[in-house]
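A.B. asks: Attaching a single structure in structure tokens format; questions to follow.
The values are calculated or read from the model by the stated rules, or taken from the named source; none is laboratory data. Bear in mind that the values here come from a model prediction, so they are computed numbers and not experimental data. For neighbour counting, all protein chains shown are included, and Cβ atoms are generated from backbone atoms with ideal geometry for every residue, glycine included. Areas reflect the complete protein model, heavy atoms only, side chains present, ligands, DNA and RNA absent. Shrake-Rupley method; radii C 1.70, N 1.55, O 1.52, S 1.80 Å.
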Amino acid sequence: MTEADRGAPTSTAHPRRERTSLALLELLVATDRHGSISAAARALGVSQPSASAGMRRLERHLDLELVTRSTRGARLTETGRATATWAREVIDASDRFETSAAALREAPSARIRLAASLTIAEYLAPRWLATLAAPRAAGGMTGPEDPTPAPDVELLVRNSRTVMELVLADEADLGFIESSTMRRGLRSRTLARDELLVVVAPTHPWASRRRRTATVDELLGGGLVVRERGSGTRETLEKSLLATGARLPEHLPYLGSTASLKTAVQYGGAVAVLSRLTVADDLARGSLVQVDVPGLDLTRRLRMIWKDGTELTAAARRIAAVATAR
């Protein structure tokens, strides 16, 4: 067999689909947000015929019926609305990528490896990296201008347990965790206070309750989905439940990302416990609804950690100053 034969795909391999255009996903999200294709076209600054043609291209590409068309106009189908929610996650991730890339565009003066839990990595770290790219990063918004180029940052996204292991093994200079417990050999500093919220879809029976409350027993038996073991979000929930004398059931569905948990809630009728940082926009849009569980304290600290006895480099101190700035 030749090298070409070995490198060729077999007859059972599935060809990779071409990636969906971000511009078409933005059109879908704008249509969902503004209620119609014409309104989306105005918001995006394109012509209505171009927007309509773009939506048809997206439907053909995904092989999904996203829009119902009639003489009174076009509106998204249930499939279209679900797809728009997922598309919004892609757009947000792309925005975070562009922000992070902008922060690293200057020639680096030093290299540093950070490790952060999912919530911090997605919702706080991009802001820090963007601040580092600004001229006044070292001294804050009112401090003296720092001509030193921003450090070359590598960000590892792991759960809180793994972040601590990476810092202890000298595989990360700084770590950022959501866990309430900390391994021996580490030092920490509180960055912010966070709160976990119980959230359901607007169509969930709990959302129609007058006070929008549920008991701990209802939470545990009401279709709860959680993060994997080692996640700071899961640990906070487990400790809060123990304080009430309750425990998570042995066998619960667990998912590895915030986006997947939110999708399970919005379209699967599940219940999730997520950081306020991650659901603030969803609550404002009404795509998720907060439910209070009296007696369950879901507050926590977000912390920066480093190895005890280790002297931080100048680049690490610079990032620490940005992360801990109020």
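A.B. asks: For Thr236, are the conditions met, namely being farther than 26 Å from Leu166 by Cβ and touching a residue at least 12 places away in the same chain (Cβ under 8 Å)? Can you show your working first?
C.D. replies: Working: farther than 26 Å from Leu166 by Cβ: no; touching a residue at least 12 places away in the same chain (Cβ under 8 Å): yes.
Judged against the criteria, Thr236 is not a match.
A.B. asks: Restricting attention to the range 175-211, and to residues there that are farther than 21 Å from Arg158 by Cα and part of a loop (DSSP other than H, G, I, E, B), which single residue is most open to solvent (accessible area, probe 1.4 Å)?
C.D. replies: Among those residues, the one meeting the criterion is Arg210.
A.B. asks: What helices (runs of 4 or more DSSP H), lying completely within the range 1-44, carry at least 1 residues that are more than 28 Å from the chain's Cα centre (by Cα), basic (Lys, Arg) and at pLDDT 90 or above? First the steps, then the outcome.
C.D. replies: Values: elements: 3-7, 22-34, 37-44.
In the range 1-44, the matching helices (runs of 4 or more DSSP H) lie at 37-44.
A.B. asks: Just to be sure, is Glu235 at pLDDT below 95 and within 24 Å of Ser180 (Cβ to Cβ)?
C.D. replies: yes
A.B. asks: Of all residues in the range 161-211, which are closer than 21 Å to Gly256 by Cβ, small (Gly, Ala, Ser) and free of Cβ contacts under 8 Å to residues at least 60 places away in the same chain?
C.D. replies: Residue satisfying the conditions is Ala172 alone.
A.B. asks: Okay, moving on. Looking at Ile112, Ile91, Ile120, which is the one that is at pLDDT 85 or above, aliphatic (A, V, I, L, M), farther than 19 Å from Thr278 by Cβ and under 25 Å from the mean Cα position of the chain (by Cα)?
C.D. replies: Numbers: Ile91 fails: farther than 19 Å from Thr278 by Cβ; Ile120 fails: farther than 19 Å from Thr278 by Cβ.
On inspection, the qualifying residue turns out to be Ile112.
A.B. asks: If you don't mind, there's one more thing I want to ask. For the range 161-171, give me each residue that is in contact with an Asp or Glu (Cβ under 9 Å, 6 or more places away or on another chain) and either surrounded by fewer than 24 Cβ atoms within 10 Å (Cβ to Cβ) or not β-branched (Val, Ile, Thr) (or both).
C.D. replies: Those that are in contact with an Asp or Glu (Cβ under 9 Å, 6 or more places away or on another chain) and either surrounded by fewer than 24 Cβ atoms within 10 Å (Cβ to Cβ) or not β-branched (Val, Ile, Thr) (or both): Arg161, Glu165, Glu171.
A.B. asks: Another question, then. Go through the range 212-326 and tell me which helices (runs of 4 or more DSSP H), entirely inside it, have 2 or more residues that are closer than 26 Å to Leu129 by Cα and open to solvent by 20 Å² or more (accessible area, probe 1.4 Å).
C.D. replies: Correct list: 258-268, 276-285, 314-324.
A.B. asks: Quick check, is Pro151 over 17 Å from the mean Cα position of the chain (by Cα) and at pLDDT below 90? If you could, list the steps in order and put the result at the bottom.
C.D. replies: Details: over 17 Å from the mean Cα position of the chain (by Cα): yes; at pLDDT below 90: yes.
Against the criterion (over 17 Å from the mean Cα position of the chain (by Cα) and at pLDDT below 90), Pro151 qualifies.
A.B. asks: With the structure loaded, tell me whether Ala53 is surrounded by 15 or more Cβ atoms within 10 Å (Cβ to Cβ) and part of a helix (DSSP H, G or I) or whether it fails that test.
C.D. replies: no
A.B. asks: Filter the range 69-86 for residues that are more than 21 Å from Gln266 (Cα to Cα) and not in a loop (DSSP other than H, G, I, E, B); which is most open to solvent (accessible area, probe 1.4 Å)?
C.D. replies: Among residues in the range 69-86 that are more than 21 Å from Gln266 (Cα to Cα) and not in a loop (DSSP other than H, G, I, E, B), the one most open to solvent (accessible area, probe 1.4 Å) is Arg69.
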